[in-house]
Every structure is written in structure tokens, then in C-alpha cells.
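See structure below.
The values are calculated or read from the model by the stated rules, or taken from the named source; none is laboratory data. Just so you know, these numbers come straight off a predicted model, no measurement behind them. Cβ placement follows ideal geometry from the backbone for every residue including glycine, while neighbour counts extend to all protein chains displayed. These area figures cover heavy atoms from the full protein model, side chains too; ligands, DNA and RNA do not enter into them. Shrake-Rupley method; radii C 1.70, N 1.55, O 1.52, S 1.80 Å.
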Amino acid sequence: VQLQASGGGLVQAGGSLSLSCAASGGTISRYGMGWFRQAPGKERESVAAISRSGGTTYYADFVKDRATISRENAKNMGYLRIMSLKPEDTAVFYCAADLFGGGSSNQYDYEYWGQGTQVTVSS
């Protein structure tokens, strides 16, 4: 499966963004999906994840109560909405797919990755 993340951009602190992940070449309903981010000079970290059915979700502590992960299997799409953005949220955001399907927070569980979309939050 191929993944393409989109929806990043420049936003002021306190604003919100909705990221999308479009899947092709496969049926996304087979996969758990995750969103990760990597800031300059930092390691990639998990932001949120969702199981293949959508019934189980995970959020990193730094986005809890600010983010919503969702998916539309019929459209082969995944989404991440983040509100109350902070300058420290500035990073490249990646979507990924996990054949195991559970929606893991561990990046090493993911076999397929999108190319990333830049999110820049200005203060």
C-alpha cells in the first residue's frame, strides 16, 4: 500500500490543522494507522494511532485532548486533526500503516510510510 499525507502548512499558535492520509494500492481497512512526527534535530515520535476498525485509538500525552484521529475505510483515508497548536508542534508529520492492525504507538511496527507533510506553527 502507498500512503500520501497532506494538509500541512503554516498556522498561528492556537490554530488547528486537519491532516489527511490517502492510501492507494491496497485496502486500508486491513491496516492499523498511525501518525508520527519528526521535528528538526529530534527523533521521530508517535502522535496518534487507530486500529483497523477504528475501535481503538492511542494519543501521545502531548496531544491528548487536542487531537482526534479517525479513518474512513470506505474512502481509503485516514485523518488527524490537531487543535490548539503550539510552536513546539512544528514538525514533519507522517502517516503509516501497520499490517497487524492494532494501531500501535511503536514506529517499528509499521511497514508502510507516507512521505510526510510539514506543519509549522508560528508564535
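Which of the residues spanning region 71-99 are out of contact with any Leu (no Cβ under 9 Å at 6 or more places or on another chain), closer than 26 Å to Ser122 by Cα and open to solvent by 30 Å² or more (accessible area, probe 1.4 Å)?
The answer is Ser84, Lys86, Pro87, Glu88, Thr90, Val92.
In region 71-103, what count of residues is obtained for those that are out of contact with any helix residue (DSSP H, G or I) (no Cβ under 9 Å at 6 or more places or on another chain) and at pLDDT below 95?
So the count comes out to 1.
Being of a type in the set (D, E, K, R) and under 14 Å from the mean Cα position of the chain (by Cα) is the filter here, so list the residues in region 27-51 that pass it.
Listed by number, the residues that qualify are Arg37, Arg44, Glu45.
Residues of region 67-123 being in contact (Cβ under 8 Å) with a residue 12 or more places away in the chain, out of contact with any Gly (no Cβ under 9 Å at 6 or more places or on another chain), over 22 Å from Gly41 (Cβ atoms) and hydrophobic (A, V, I, L, M, F, W, C), which ones?
Ala67, Met77
Based on this model, can you work out whether Ser24 counts as of a type in the set (Ser, Thr, Tyr), within 16 Å of the chain's Cα centre (by Cα) and surrounded by fewer than 24 Cβ atoms within 10 Å (Cβ to Cβ)?
In short, no.
Can you confirm whether region 58-70 contains a residue that is assigned to a loop (DSSP other than H, G, I, E, B), at pLDDT 95 or above and open to solvent by 30 Å² or more (accessible area, probe 1.4 Å)?
Scanning region 58-70 turns up at least one residue that is assigned to a loop (DSSP other than H, G, I, E, B), at pLDDT 95 or above and open to solvent by 30 Å² or more (accessible area, probe 1.4 Å).
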